[in-house]
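S.K.: I'd like to ask you about the structure that follows.
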Amino acid sequence: MAFAPSSAPSASSPHGIHLPDTARELVKILVAGPFGVGKTTLIDSVSEIRPLHTEEHLSEASAEVDDLAGVRDKTTTTVAIDFGRLSLPGGVVLYLFGTPGQERFRALWDDIAHGALGALVLVDSRRIDASFGVLGLVEESGLPYAVAFNDFPDAPRHHGVQELRRALDLEPGTPMVTCDARDANSSIDALLALVDHLISRDPVEAR
Ligand SMILES: Nc1nc2c(ncn2[C@@H]2O[C@H](COP(=O)(O)OP(=O)(O)OP(=O)(O)O)[C@@H](O)[C@H]2O)c(=O)[nH]1
Ligand SMILES: [Mg+2]
């Protein structure tokens, strides 16, 4: 079963804060990835409720440990979670939990991941190796996942799909898409790739 992408919802969406009557499957999904890859942006772009953020300003002390390469204009970082909600056609409602990107927040991982059915892992193709830690955590937790390459303007264009899959050592069945986290439809497509993957792995439970 595949879901058709819905129109882009927003905080002012007609869904409002209440769950639609058609909601029948409530699914917890992680939006994971390294520092500054676009997790908060993605949840912002798709959430039909006002997203919850735990942003703090980057300090001079954090500048020494948080690599700002590629995200020079970044002034804040997520220190606990982001939270948003997206209702899909067919009654599936995604509860989106954005994880903090830095290794020093590792202690939060198990709590945030508890009860999740899958993860969308954002990868920045300008710094693929920054994603290895998060991919390791997701694989360790046994969570099914999809990879979304976030589309930054200065990203190298020479990478082929196979080259990227090899670089991340992805299993053949792991979905890989590109997305612009600022664009709701593009972000929804990435989430749909994950949902389709979850359903194809476990069609009975997903019904
Ligand atoms: N061009 C482009 N810029 C993006 C995209 N996604 C995010 N950005 C920008 O990248 C910067 C970092 O985005 P965030 O959403 O804060 O990243 P994050 O992963 O939540 O960062 P941490 O919580 O600090 O780990 C912001 O300035 C975004 O506007 C994208 O798909 N394309
Ligand atoms: Mg964030």
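The values are calculated or read from the model by the stated rules, or taken from the named source; none is laboratory data. Note that the coordinates shown come from a computational prediction; the quantities given were computed from them, not determined experimentally. Please note: Cβ atoms are built from the backbone with ideal geometry, for glycine as well, and neighbour counts cover all protein chains shown. Surface accessibility is based on the protein's heavy atoms, side chains included, excluding ligands, DNA and RNA. Shrake-Rupley method; radii C 1.70, N 1.55, O 1.52, S 1.80 Å.
S.K.: Among the residues of segment 184-194, is there at least one that is open to solvent by 40 Å² or more (accessible area, probe 1.4 Å) and at pLDDT 95 or above?
M.R.: Yes, segment 184-194 contains at least one residue that is open to solvent by 40 Å² or more (accessible area, probe 1.4 Å) and at pLDDT 95 or above.
S.K.: Among the residues of segment 167-183, write down those that are open to solvent by 50 Å² or more (accessible area, probe 1.4 Å) and of a type in the set (D, E).
M.R.: D169, E171, D183
S.K.: To continue, here is another question. Among the strands (runs of 3 or more DSSP E) confined wholly to segment 90-207, which include 3 or more residues that are within 16 Å of ligand 2 (Cβ to nearest atom)?
M.R.: Here the list reads 92-98, 118-124.
S.K.: Among (1) closer than 23 Å to P153 by Cα; (2) modelled with pLDDT of 70 or more, there is one condition D111 misses while meeting the rest; what is its number?
M.R.: In the conditions (1) closer than 23 Å to P153 by Cα; (2) modelled with pLDDT of 70 or more, D111 misses (1) alone.
S.K.: If I filter segment 94-104 for residues that are of a type outside the set (S, T, N, Q), at pLDDT below 95 and at positive phi, do I get at least one hit?
M.R.: No.
S.K.: Within the group L135, L143, which residue is within 16 Å of ligand 1 (Cβ to nearest atom), touching a strand residue (DSSP E or B) at 6+ places or on another chain (Cβ under 9 Å), modelled with pLDDT of 85 or more and open to solvent by less than 60 Å² (accessible area, probe 1.4 Å)?
M.R.: Unique residue meeting the criteria: L135.
Conditions (1) at pLDDT 70 or above; (2) within 16 Å of ligand 2 (Cβ to nearest atom); (3) open to solvent by less than 60 Å² (accessible area, probe 1.4 Å); (4) not charged (D, E, K, R), marked per residue:
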position	(1), (2), (3), (4)
G38	yes, yes, yes, yes
D44	yes, yes, no, no
H53	yes, yes, no, yes
E56	yes, yes, no, no
D66	no, yes, yes, no
